[in-house]
Amino acid sequence: MSSPVLPPQRTPEPAAVADWSPVARGSHVNQTPEQREAAVKAAAAARRSKRRARLLPHWLVIPAVAILAVGTGYPTLWQLWTSLHEYGLRQQFGQPAPFVWFANYTQLLSDSQFWAVLIRSLVFCFVAASITLLIGIAFAVLMSHVGKGPRLTLQIALLLAWSMPIVASMTVWTWLFDRRRGVVNYVLDMIPGVAMNRYNWLEDPLSFFAVAAIIVIWMSVPFVAFSIYAGLTQIPEEVMEASALDGASGSQRLRLIILPMIKPVIAIVMLLQVIWDLRVFAQIRLLQDAGSSATDYDLLGTYIFKLGTGAQNFAGASAASVMVLLITITISWWYVRKLLREDAS
Amino acid sequence: MKKKLSAVAAATAAALVLAGCTSGDTNESVDPSEDASAAAGANITLWLMGGDTPEALREYLRTEYADATGGTLTIEEQGWGDALSSLTTALPDSDNTPDVVEIGNTWSPTFTTVGAFSDISDMYQELGGDSLLQSFVEVGKVDGANYAMPYYFGSRYNFYRKDIYEAAGVAVPTTLGEFSEAAAALTTSSMSGFYIGGSDWRNGISWIFANGGELAEVQDGQWVSTLSSPNSVKGLEMLQDLYSTSSLAPATESDSTPWVNINDNESTGAPEAATIIAPSWASCCIGDPIELEDGGVGTQWNDDVFGVFVLPGVNGGAAPVFAGGSNIAISAASKNQEAARVLMRIIFSETYQTMLAENGLGPANLDYTAALGDNQFAAALIASAADSKLTPAAPGWAAVEGSGLLEEFFGKVAAGGDVATLAAEYDALINPLLNG
């Protein structure tokens, strides 16, 4: 939540440097005093407007920083404060909240349920994010290889999936997987030798999370596909032609040329996807409404929600949220450093 | 999903209404007779839980309140599922709190012990005194002072398919053991003899109660979860057995809308269940399919096909079922205390109490139960309510319900887990929540 890194104020001003450059000095030898005065004035005006131009981004960034500070900074600080106090329903109704150091954290870390949920969430997020990425890359490559008509069709379909409100699409998804009247069971049941009539997808935690992963992947593939497609369009034609002339096969080109060139895009998309899938809440919550909200079906988001608004243990929920924040920062940190290193090389 | 959507809509509506709400008269008044004048013109908000209160009753409250004060009464409906979190966030905030609020009866201790409601002991006699349903009055008390009053009570009894029972030659059971046998005999591969969701603890606890068990008890001044007591385990094993032989419902299903299973399924023309247990007002939605005026499909009760009976006890009679119902209270943070008291008087008036009873809701004031009528539903309601039980009046009970631990525990029992082991495990999880 720190403010973005601002460029240092005291860099030498390009206009001033220009004044002392040999060309500038040489030119003003032949100037009349009037011309010189006019030139100096113009240079000063240019400096002023340049300085203003350099200050402008700082002014423009203020609203964003202010919104972040109020919208995210304040709740984060409040969450840190709450996580170090005893804070339940009594405190919500105005009774004093005793400071308890890290009691909420130690309680959480010694709870086997929390560890189970944490590990489940990490596995879920990496599996879902990886599959999303693979399918997204496949769609992007497909889009760059088909004609305009099929590509537009594909893009419109992806956009529709992307822009669908979560509650609306979740309604359809839970209907699809409904045990009694769902299309999925109906179709699978028609395959000879497969008995899926009334199979309850949401009863076993493993199939519950398989369904959840399918939904989450379906919702996030469009973003990945479009980002990577945008990256693919930036690969110069000449490089591809040259490699084709050198006799590289299609899969060799994909593996040795295309993927390395769009690696930065893939890395940032994977980072975003991991963070999103770690924090996934609405899809799981809505699927729990159709199935079960027992702890075996929880990921971090729903676990924290249940701990806080359900069991009214606001302090414990805050502590859990702070830990999720730390995990997110750790994952991002690793990625951001990797990205920076690659940029530098 | 529909429930979720309407909750979202209600929350949105609430935000809109609250934004336009004027803060009323803040004068403190102790003398009840001054309330009406002090409340003149005050606009207040009433939160009702779920759709249990019919529209005609809501309209009556709005009209009467406007007549009494000249102000506007806004009624906002909260979905049961999200109500706890809405209450937790809205009640402490004097700018956003509802002035009068209906709460699940079992949540009363949680909110009264933290001081969420105003002390209305001085109104107790005026609102009905000893004629009020005492178990609900008790659950709304702290240190002898009244904070939450009964709003209405319901009960749970069985609805069954007369046609299916007759065709199979099964008689209506009179003991809990016979009930299990009858349900098992009626079960086929596509129809449950007794449809009960595995995680449906609100109905499942009847088996604990019927076998003399309790959910929690006070031991040495502290609330202790007693799922693993011998009697509770006995009841849970009976329920587990019943579930495995007679219910095709998923172990993960809670008590959402069990009555859809006893009506004929639109696609198969046969019901999913021969017997269900449901709150008394579910009779609204059970019956033969009929076409409604707006083209939709409704139901019409048919005495030849459907019947009701009270869940029998272990040795006959009625089993103690969960005493459903609501309490009602004034938010301590409300700026319109006087106006809220005016509304409370309207709610506890003879007319309104009678209207509740006429709509199948057990009236808070037992003087008016006659208005429930003498049909089979009223008879089953009164018979099942007579032995009904409340969940423990522990300060942390709402947290126990909110945590979802009971759904989880009953689901695991239904899935075939070892009852004694699970009960001990969940006792340990529930204990820290019980004492608030």
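A short reminder: the numbers here are calculations on the coordinates, not readings from a lab. Being a predicted model, the structure only gives us computed values, none of them experimental. Because the Cβ atoms are built from the backbone with ideal geometry, glycine has one as well, and the counts that use them run over all protein chains shown.
If both residues of a DSSP beta bridge must be in chain B, then about 75% of such bridges are antiparallel.
For chain A, the longest principal axis of the Cα atoms and the long axis of helix A:263-278 meet at an angle of about 40 degrees. Annotation: amide H-H contacts under 5 Å for B:PHE306 (H modelled 1.01 Å from N, sequence separation of 5 or more, or interchain): B:LYS162. Taking a ≥ b ≥ c as the square roots of the eigenvalues of the alpha carbon gyration tensor, the stretch B:90-162 is oblate, as a/c is not under 1.5 and a/b does not beat b/c. Think of the protein assembly as shown as having a plus end and a minus end, set by charges on the Cβ of Lys, Arg, Asp and Glu; of B:GLY81, B:TYR165, B:GLY307, B:GLY81 sits farthest toward the positive end of this dipole. Each of A:LEU60, A:ALA43, A:GLN79 was placed along the dipole of the stretch A:27-83 (beta-carbon charges, centred on the mean Cα), and the one lying farthest toward the positive end is A:ALA43. Shape class for the stretch A:131-199, computed from the alpha carbon gyration tensor (a ≥ b ≥ c): prolate, with a/c not under 1.5 and a/b above b/c. Look at the stretch A:305-314: the mean tally of other chain Cβ atoms within 10 Å of its residues' Cβ atoms is 6. In this calculation the C-beta distance from A:ALA69 to A:THR330 is compared with R0 = 22 Å, giving a FRET efficiency of 0.45. Relative to the longest principal axis of chain B, what angle (0 to 90°, nearest 10) does the C-alpha long axis of helix B:376-386 take? The answer is roughly 80 degrees. Here A:MET190, B:MET355, A:MET170 are placed in order of increasing Cβ neighbour count within 10 Å, fewest first, which gives A:MET190, B:MET355, A:MET170. Here the residues B:ILE262, A:ILE156, B:ILE347, A:ILE266, ranked from fewest to most Cβ neighbours within 10 Å of their Cβ, fall in the order A:ILE156, A:ILE266, B:ILE347, B:ILE262.
For the stretch B:283-436, the mean projected area of the C-alpha convex hull, equal to one quarter of the hull surface, is 14.9 nm².
Helix B:337-347 and the longest principal axis of the C-alpha atoms of chain B enclose an angle of approximately 50°. Overall, the protein assembly as shown carries a charge dipole of about 5160 debye about its Cα centre when +1 sits on the Cβ of Lys and Arg and -1 on the Cβ of Asp and Glu, all other atoms neutral.
The alpha-carbon atoms of chain B define a convex hull whose volume equals 142 cubic angstrom per residue.
Please work out the FRET efficiency for the pair B:CYS284 and A:TRP115, using the Cβ-Cβ distance as r and a Förster radius of 51 Å; give the result to the nearest 0.05. For R0 = 51 Å, the calculated efficiency reads 0.65.
Its alpha carbons considered, the protein assembly as shown gives a radius of gyration followed by a Dmax of 32.7, 121 Å. Computed about the Cα centre, the dipole magnitude for the stretch A:27-83 is approximately 200 debye when only Lys and Arg (+1) and Asp and Glu (-1) carry charge, each at its Cβ. Taking 20 °C and 1.002 mPa s as conditions, the stretch A:27-83 diffuses translationally at an estimated 141 µm²/s according to Stokes-Einstein applied to its Kirkwood radius (Cα pairs).
For the stretch A:112-344, the equivalent ellipsoid built from the Cα gyration tensor has semi-axes of 36, 26, 14 Å, listed from largest to smallest. Per-residue shielding of A:286-293, expressed as the average number of other chain Cβ atoms within 10 Å of the residue Cβ, stands at 5. Simple spin-label estimate for A:LEU245 and B:ASN302 gives 8.3 nm between the two label positions (7 Å along the Cα-to-Cβ direction from each Cα).
Helical content of chain A, expressed as a calculated mean residue ellipticity at 222 nm, amounts to -23000 deg cm²/dmol (DSSP H runs of 4 or more residues, -39,500 (n - 2.57) each, divided by residue number, nearest 500). Taking other C-beta atoms within 10 Å as the exposure proxy, B:SER244, B:SER86 rank B:SER244, B:SER86 from fewest upward.
Report, for the protein assembly as shown, the % of DSSP beta bridges that are antiparallel, rounded to 5.
Roughly 75 percent of the beta bridges in the protein assembly as shown run antiparallel, per DSSP.
Around the Cα centre of the stretch A:112-344, unit charges on the Cβ atoms of Lys, Arg, Asp and Glu (plus for the first two, minus for the last two) sum to a dipole of about 220 debye.
Report the convex hull volume per residue for the stretch A:261-334, counting only C-alpha atoms, in Å³.
In the stretch A:261-334, the Cα convex hull volume per residue is 92 Å³.
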